[in-house]
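The values are calculated or read from the model by the stated rules, or taken from the named source; none is laboratory data. Because the structure is a prediction, the values reported are computed rather than measured. Using ideal geometry, Cβ is built from the backbone for each residue, glycine included, and neighbour counts are taken over all protein chains shown.
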């Protein structure tokens with residue numbers, strides 16, 4: 001085979017490979033931003049575990065390709081839809097395991113800028129960046145109801161807690177798994193109370209209550225407890 005033919009064959013192979021494997025260029029001027037692209041640490045202080053959470057949303061269309069690269073160049077997420085006909089996945093939330101030793105999580109996911117790239121089912125390229133910080137916020141504690149409280153009033157229940165300085169927000173949730181009901185609210189960092197909507201709680205029922213403190217960088221530290229409503233009022 002002559003040198004000219006070898007070069008021609010090589011070009012044809014490269015073109016064919018490029019057609020088979022869509023390339024994602026995060027610096028491409030034709031890329032559009034993700035609707036959501038974030039990474040943060042999330043701690044459950046009550047259980048004593050921490051995880052890293054990646055969230056991404058590509059707008060109205062599904063993504064057939066999605067990738068996240070760490071600050072040191074490692075690919076930490078690599079998703080490809082097996083068939084474009086599936087329309088892709090519109091929204092992602094990835095949660096890591098929850099090692100007891102937070103140093104293991106910090107070693108696996110270093111601080112710095114994580115690069116998000118994707119391709120929609122229509123071929124539109126998406127790009128985004130999010131900075132991971134390791135510092136977790138100070139936790140709060142409940143004033144009312146107290147831990148594992150019994151006979152909590154259903155009507156006009158106001159949940160209160162110890163305020164924490166320099167927060168971006170609080171996240172509060174109430175869950176009842178057997179009834180498959182839940183309530184979640186995001187409150188400003190200046191808040192110190194939350195009124196449960198009338199009619200949400202049932203009599204004689206145990207609920208899970210959680211409250212998270214949120215930093216400006218998005219890291220969250222939750223505390224949890226339970227309470228049981230009065231049987232009758």
What pairs can you find where one residue is in the range 76-87 and assigned by TED's automatic domain parsing to the domain that holds residue 110 and within 18 Å of residue 52 (Cα to Cα), the other is modelled with pLDDT of 80 or more and in a loop (DSSP other than H, G, I, E, B), and their Cβ atoms are less than 6 Å apart, with a gap of 6+ or different chains?
-> 76/70
In the range 88-107, the residues that are touching a residue at least 40 places away in the same chain (Cβ under 8 Å) and over 17 Å from the mean Cα position of the chain (by Cα) = 99, 100, 102
Would you call residue 154 part of a strand (DSSP E or B) and in contact with a strand residue (DSSP E or B) (Cβ under 8 Å, 6 or more places away or on another chain)?
-> no
Of (1) under 19 Å from the mean Cα position of the chain (by Cα); (2) crowded, with 16+ Cβ neighbours inside 10 Å; (3) more than 21 Å from residue 105 (Cβ to Cβ); (4) modelled with pLDDT of 90 or more, residue 35 satisfies all except one. Which?
-> (2)
Considering each residue of the range 147-165, count those that are farther than 16 Å from residue 186 by Cα and in contact (Cβ under 8 Å) with a residue 40 or more places away in the chain, and give that number.
-> 11
Top-ranked residue in the range 37-53 [being touching a strand residue (DSSP E or B) at 6+ places or on another chain (Cβ under 8 Å) and without any contact (Cβ under 8 Å) to a residue 60 or more places away in the chain; ranked as farthest from residue 124 (Cα to Cα)] = 49
Of all the residues that make up the range 39-51, how many are closer than 14 Å to residue 92 by Cβ and touching a helix residue (DSSP H, G or I) at 6+ places or on another chain (Cβ under 6 Å)?
-> 0
